[in-house]
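This report refers to the structure that appears directly beneath it.
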Amino acid sequence: MTDLEIPFEKDRKGHYRFFEILPGFLSYTLLVLPAVLTFINVTLAVFFILLYLLIFFVRSLAYSSRAIAGYRTMKHHMKLDWNALGAELETGVAGKTKLERPRWHLHNLKQLASRQYQFKPSQLIHAVIVATVNESREVLEPTIQAVLSADYNPKKLILVLAYEGRAGQEAEDRVLELLELYKDKFGHAMAVKHPADLLGEIIGKGGNITYAAHKLQRYLSSVKIDPATVLVTTLDSDNRPDKRYFSCLSYLYCVVPDPLKASYQPLAMYTNNIWDAPTLMRVIATGNNLFYIVGTQRRHLSRNFSAHAQPMQALIDMDFWSTRTVVEDGHQFWRSYFHFDGDYRVYPFSIPIYQDAVLADGYLKTIKAQFVQLRRWTYGASDIAYIADKGFWHANKAPKADVLAKLLRIIESHVSWAVGSLLVWGAAFVPPLLHPQNLAANELPLIVSRVQRVGLAALLISLYICLVTLPSRPARHKRHRSVFMLTQWIFLPVTSIAFGSLAAFNSQTRLMFKKYLSQFDVTEKAVRTDSGGTITTKADPSRRLKRGRLGSGRWLRRRNG
């Protein structure tokens, strides 16, 4: 097994630095390419822009068709009785009761005897690690209640509240109070305090949940529970699983070919507070919902993101999550991929885990929080150097062709994240601006506008999916709020550029110049009450302290005062 850890900052040299610089170099090159080509040859520039827009247009049509398929799959899976289907896995035969049994379920029943691993739903235990820093009780308690509200035996659930010691006594008291209130309802519950300034860690979620998982491992060992029968789900403080989540996950774990070499990705839906969020944040949140619905239809491209589940045995074998990156969720895919020498996959399933759209106390704070969140997501570009390094400069058995294909795909996705919207919305105006007398240059915006009008149909399909997946409008909002949910989409070019493109360029530029993100920027969370008030807490109280830096292989201890 290859060493899975990310190199310390001081050790990132040579080929590693090349691949850290590469995505930013490609993004900036593509950004200026229309202007450069226009100076060289206007016809060449027009051809390049039209080709890029044609590719984007075809992708948009495919995206819309997958959105429809993903929505239909989600609706179907939300209607199924997963506990009843799981009960039939216990016996291996379909019962005589009236039950909707999809064809794939009958196929799974036939294949059970040939499975290498023959787990049954009744053998499984679910451990839920909830990571929290300084979130209010109004954010954290509904998450615990959502776990308890699942159509699953709560005595087969283990709750782990993973909280940060650096958040102070008030945050600790809040967690311990909730633990005392709810612990008897679970099979087992514990609160684990993550100490500040552990050697080799950055300030981030990875260190917190890894520390908690070690405590969980010791508990499972003490009560002699096989870690292969324990599925660990990691949640943020605002992540609320749908009631079918645990029963569906149990079913999936029992029917996939090699369940230990896999992780399980539910559907992220940013709808908890979608009616309260400002317009720009709603556009981003509902756009994200659509993206993950489409992702369930592209299983070969599925990656870990936010809340996901993995067997405890696999986590133990790979020493849990990385404690050196702010994107521990997406990075976990690559960590697992190289641990299993390429024999690893993510299984998406269409049961939601509901999350908050970005909402802070005040509009400007909300805009800042949204940008910081997207900057953290786009910082996944840091995995490009990791993939190249582990795949081609370290001994491993992962198929090199597969590593290369995955490397090229992640490069393309991050470059498109940075420049895609800018080229789509603005590239057509570059040739006529630089060569106003050229006929081809002046015809280009007209051609592009016609293509975009055709693409409007695809946008309307996506808009429909976004609207029908919204929760019911709360009574505290008037009916005109529903109209805003429709008209908000005129801001799509603004959000895609101001937040998507700029956040991606920010992350890639940081990597180019070694301005690494060495601390997880916790997203501030505000809660709107039925009376119209706002409850908020400081997102990350540790930011008042001097930041440590992870560069020499050890932490410089922060000092209070």
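Taken together, the values in this text are just the output of simple stated rules run on the coordinates, not laboratory data. The model shown is predicted, which means the values in this text are computed figures rather than measured ones. Note: ideal-geometry Cβ built from the backbone for every residue, glycine included; neighbour counts use all protein chains shown.
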Legend entry - Summed side-chain charge close to TRP275 - residues other than TRP275 whose Cβ falls under 10 Å, Lys, Arg +1, Asp, Glu -1: +4
Inset, instruction - Can you tell me how much longer the chain between ARG17 and ARG103 gets when fully stretched, taken as 0.36 nm per residue apart minus their C-alpha distance, in nm with one decimal? - result: 26.0 nm
Legend entry - Three semi-axes of the equivalent ellipsoid, segment 253-312, Cα gyration tensor, whole Å, largest first: 29, 12, 8
Legend entry - Low-density loop cleavage sites - chymotrypsin sites (Phe, Trp or Tyr not before Pro) in segment 44-144, where at most 15 other Cβ are within 10 Å (DSSP): TYR117
Inset, instruction - Could you pull out every residue, at least 5 positions away or on a different chain, whose amide H is within less than 5 Å of the one on THR534? Hs are placed 1.01 Å off N in the peptide plane, and Pro or chain starts have none. - result: THR529
Inset, instruction - Pairs to check: LYS397/LYS515; LYS183/LYS365; LYS10/LYS397. Give those whose C-alpha atoms are more than 29 Å from each other in this structure. - result: LYS397/LYS515; LYS183/LYS365
Inset, instruction - Could you list which residues have their amide H under 5 Å from that of VAL128, counting only those 5 or more apart in sequence or on another chain, with H placed in the peptide plane? - result: ILE158, LEU159, VAL160, THR233
Inset, instruction - Over every pair of different alpha-carbon atoms in segment 29-109, take the mean of 1/r and invert it; report that Kirkwood radius in Å. - result: 17.2
Legend entry - Whole-Hz couplings from phi, Karplus 6.51/-1.76/1.60, listed for segment 302-308; x for Gly and Pro: 5, 9, 5, 8, 6, 5, 7
Legend entry - Under 14 Å, Cβ to Cβ, from ARG17 - net charge with Lys/Arg +1 and Asp/Glu -1: +2
Inset, instruction - Please turn the phi angles of segment 431-443 into ³J(HN,Hα) values with the Karplus equation 6.51 cos²θ - 1.76 cosθ + 1.60 (θ = phi - 60°), one per residue in order, whole Hz, x for glycine and proline. - result: x, x, 5, 8, 10, x, 8, 7, 5, 4, 5, 6, 7
Inset, instruction - Report ³J(HN,Hα) in whole Hz for each residue of segment 151-162, in order, from the Karplus equation J = 6.51 cos²θ - 1.76 cosθ + 1.60 where θ = phi - 60°; Gly and Pro get x. - result: 7, 8, 4, x, 6, 9, 10, 10, 9, 10, 8, 9
Inset, instruction - Note the full-extension length gain between SER114 and HIS300 as 0.36 nm times their separation in residues minus their Cα-Cα distance, in nm to one decimal. - result: 64.6 nm
Legend entry - Label assignment, Rg and Dmax of the Cα atoms in Å derived from the structure, set [x] 31.9, 105; [y] 23.2, 72; [z] 24.2, 80: [z]
Inset, instruction - Answer with one residue from HIS76, ALA127, LEU159: the one whose Cα lies farthest towards the positive end of the charge dipole of segment 44-178, charges on Cβ with Lys, Arg +1 and Asp, Glu -1. - result: HIS76
Inset, instruction - Going by C-beta contacts inside 10 Å, put GLU100, GLU88, GLU164 in order with the fewest on the left. - result: GLU100, GLU88, GLU164
Inset, instruction - Compute the Cα gyration tensor for segment 253-393, then decide on rounded, prolate or oblate, letting a ≥ b ≥ c be the square roots of its eigenvalues: rounded whenever a/c is under 1.5, prolate when a/b is larger than b/c in the other cases, and oblate in all that remain. - result: prolate
Legend entry - Two-site label geometry, LEU434 and TYR363: point separation in nm, points 7 Å out along Cα→Cβ: 3.7
Legend entry - Loop-located chymotrypsin sites (Phe, Trp or Tyr not before Pro) in segment 360-410, at most 15 other Cβ atoms within 10 Å (DSSP): TRP393
Inset, instruction - Report, in debye and to the nearest 20, how large the dipole of segment 276-401 comes out about its Cα centre when Lys and Arg carry +1 and Asp and Glu carry -1 on their Cβ. - result: 360
Inset, instruction - Give the span of segment 402-507's Cα atoms along each principal axis, as three whole-Å numbers ordered largest to smallest. - result: 56, 44, 26
Legend entry - Filtered trypsin sites (Lys or Arg not before Pro), segment 78-157: DSSP coil and at most 11 other beta carbons within 10 Å: LYS96, LYS98
